[in-house]
1. Restricting to segment 101-125, give me the number of residues that are outside any helix (DSSP H, G or I) and out of contact with any strand residue (DSSP E or B) (no Cβ under 8 Å at 6 or more places or on another chain).
2. Of all residues in segment 233-252, which are part of a helix (DSSP H, G or I), buried (at least 18 other Cβ atoms within 10 Å of the Cβ) and in contact (Cβ under 8 Å) with a residue 60 or more places away in the chain?
3. Kindly indicate whether any position in segment 390-399 is assigned by TED's automatic domain parsing to the domain that holds residue 353, without any contact (Cβ under 8 Å) to a residue 12 or more places away in the chain, assigned to a helix (DSSP H, G or I) and over 20 Å from residue 353 (Cα atoms).
4. Only one of (1) surrounded by fewer than 16 Cβ atoms within 10 Å (Cβ to Cβ); (2) touching a residue at least 40 places away in the same chain (Cβ under 8 Å); (3) assigned to a helix (DSSP H, G or I) is not met by residue 451, so which one is it?
5. Could you check residue 5 against (1) touching a strand residue (DSSP E or B) at 6+ places or on another chain (Cβ under 9 Å); (2) assigned to a helix (DSSP H, G or I); (3) farther than 19 Å from residue 134 by Cβ and say which number it fails?
6. So how many residues does segment 260-277 have that are at pLDDT 85 or above and buried (at least 17 other Cβ atoms within 10 Å of the Cβ)?
7. Suppose we filter segment 58-75 for residues that are in contact with a helix residue (DSSP H, G or I) (Cβ under 7 Å, 6 or more places away or on another chain) and in contact (Cβ under 8 Å) with a residue 40 or more places away in the chain; how many remain?
């Protein structure tokens, strides 16, 4: 438990609780200044319950109430750490997982020279990084620019002139243009099929939910407003949903799920103070508090589905001229063999492929070129090209990661060359096999990292707008 005395002494705690309550540090401290230092922080927050703007921890459906100034302050504070480490807060949080709570940043990161940060321990910084991640996730949903992964990226957005006169995230939601871009359709489809093949794959990442409550599937935050809880509970009872996880269409897409065509939409309500243009406004006697409301449409976890796949028959490999031409342009060395093996040899810089005659299935052309593209992605890892860590021992984490890069890259390139519109079932199963090499808590991060590497490799091999 944290008391007010500890809060008043620690910048990290101040920013953590200011973020959690959607306030500035100054406002948070001023609202609790008259209480004894031994008072528990949450008890202090509860003591403001009868005021016009009680201090409370914001839920999933209340994040629009947050102060932009408070978010700027926290982002500026953490951006200084990012600059000192040359690492985003997201990467830092991942790097700290598994480390001792008493470990100091200066010990874990020898290149860190800033005296303030070197003495901070993991136990002190980790809760703030976790809370900040919640805000990156939710503000990213407002589609204000590129995906938010760092404090600096959020700070850059919030300091735009367009937002300089605004006070709350609710104000940004009202003036911003929403842009629903889907530039990762193939990767999303891979995730969808992974979910379809193993229903427990996504759910094993979630915290165990509290009975009777409803949670956002991406952030794990509770929908705790009365109307949100009541509406979701009625929807669950009416349609027999067994899960209490919900998310918007975009959020399900980012988790690798596709909404069923007959899915039942449900509304959740984000409430915010219409007249709260200042950090704290005292109401005159008899004056009623005015609230605004933003509605989001969410879908239950029981309402997602994936791709079914197709059968196999005997056919022959047909030439894919645009790819064959590109192979010649790149000067890729390929040797065919009846041994039925496919691999890339880094030292010789040569790809070995099974003869085309060995591909006899219905989708023989797709299977052959998907396999070839897999090996070509490995080929891009050579030091003279994309320079990845290839040639590691079979079964090692580095080997498994490179296999993920190669197969995801193959899926990207199959779509670019017009072979497929979505990831092939066999490709997804291959990815799932190597993904199992990693701890479940790390697997999504590894998958996303591999996708970024796969994108780089795919751009080296083929960009349709350029190469066509």
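The values are calculated or read from the model by the stated rules, or taken from the named source; none is laboratory data. In this text, all values refer to a predicted model and were calculated from it rather than measured experimentally. Glycine also receives a Cβ, built like all others from the backbone with ideal geometry; neighbour counts cover every protein chain displayed.
1. 6
2. 235, 236, 251
3. For segment 390-399, residues assigned by TED's automatic domain parsing to the domain that holds residue 353, without any contact (Cβ under 8 Å) to a residue 12 or more places away in the chain, assigned to a helix (DSSP H, G or I) and over 20 Å from residue 353 (Cα atoms): present.
4. Of the numbered conditions (1) surrounded by fewer than 16 Cβ atoms within 10 Å (Cβ to Cβ); (2) touching a residue at least 40 places away in the same chain (Cβ under 8 Å); (3) assigned to a helix (DSSP H, G or I), the odd one out for residue 451 is (1).
5. Looking at each condition in turn, residue 5 falls short on (1).
6. Counting residues in segment 260-277 that are at pLDDT 85 or above and buried (at least 17 other Cβ atoms within 10 Å of the Cβ) gives 3.
7. Counting residues in segment 58-75 that are in contact with a helix residue (DSSP H, G or I) (Cβ under 7 Å, 6 or more places away or on another chain) and in contact (Cβ under 8 Å) with a residue 40 or more places away in the chain gives 12.
Let's see how each residue does on (1) touching a strand residue (DSSP E or B) at 6+ places or on another chain (Cβ under 8 Å); (2) free of Cβ contacts under 8 Å to residues at least 12 places away in the same chain:
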| position | (1), (2) |
| --- | --- |
| 22 | yes, no |
| 33 | no, yes |
| 41 | yes, no |
| 45 | no, no |
